Amino acid sequence: MLGIAMTGLLLPFAVACAGVAGIVVAHRRAQAAADLGSLAAATAIQHGQAPCPAAAAVARRNGGRLVGCIVRGEVVTVRVEAATRPLLGAVRH
């Protein structure tokens, strides 16, 4: 009886931990994609190329999706999002 009760308590906890871990991984992936995308955009500006397409391509290759790109002179600000893995049928952005 105690084993069944413990399983009933631990299973939701394990599912919640898996969900949080997925969110943390997606956050780190989005951070890395944004950092690398902004570097690619800055490099593109220095070479006289369009910065936002370069940022989008690098973000996509690193598991993210470019959702914003603002260019002011030689300063580029990018926004990237990454989706988490489905957990119980839900996808979080």
### Task
Take peptides 16-26, 57-67 and line them up by average Cβ neighbours within 10 Å, highest first, as a rough protection proxy.
57-67, 16-26
### Message
Order 5-11, 29-35 from most to least packed using the mean count of other Cβ atoms within 10 Å.
### Response
29-35, 5-11
### Theoretical FRET efficiency, 1/(1+(r/R0)^6), r = Cβ-Cβ of residue 46 and residue 11, R0 41 Å, to 0.05
0.15
## Note on the structure
Simple SL model, points at 7 angstrom along Cα→Cβ for residue 18 and residue 67; separation in nm is 2.5 nm
### Query
Given H placed 1.01 Å from N in the peptide plane, which residues other than close sequence neighbours of residue 80 have an amide H under 5 Å from its amide H?
67
### Message
Through the Karplus equation 6.51 cos²θ - 1.76 cosθ + 1.60, θ set to phi - 60°, convert the phi angles of the stretch 10-27 into ³J(HN,Hα) values in whole Hz; use x for Gly and Pro.
### Response
7, 4, x, 5, 5, 5, 5, 5, 5, x, 5, 4, x, 5, 5, 4, 5, 4
### Message
Just to confirm, what accessible area per residue do you get for the stretch 11-64 at 1.4 Å probe, in whole Å²?
### Response
59 Å²
### Task
Note down the relative contact order for the stretch 1-70 as a percent, whole number, built from C-alpha pairs under 8 angstrom at least six residues apart.
26 percent
### Task
May I ask you to evaluate 6.51 cos²θ - 1.76 cosθ + 1.60, the Karplus curve with θ = phi - 60°, for each residue of the stretch 40-51 and list the ³J(HN,Hα) values in order in whole Hz, giving x for glycine and proline?
5, 5, 5, 5, 4, 4, 5, 9, x, 10, 6, x
### Message
With a 1.4 Å probe and all protein chains left in place, how much of the accessible area of the chain comes from carbon and sulfur atoms, in whole percent?
### Response
65 percent
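The values are calculated or read from the model by the stated rules, or taken from the named source; none is laboratory data. Note that the coordinates shown come from a computational prediction; the quantities given were computed from them, not determined experimentally. Neighbour counts are summed over all protein chains in view; Cβ atoms, including those assigned to glycine, are modelled from backbone coordinates with ideal geometry. Protein only, heavy atoms only, side chains kept; ligands, DNA and RNA dropped before computing areas. Shrake-Rupley method; radii C 1.70, N 1.55, O 1.52, S 1.80 Å.
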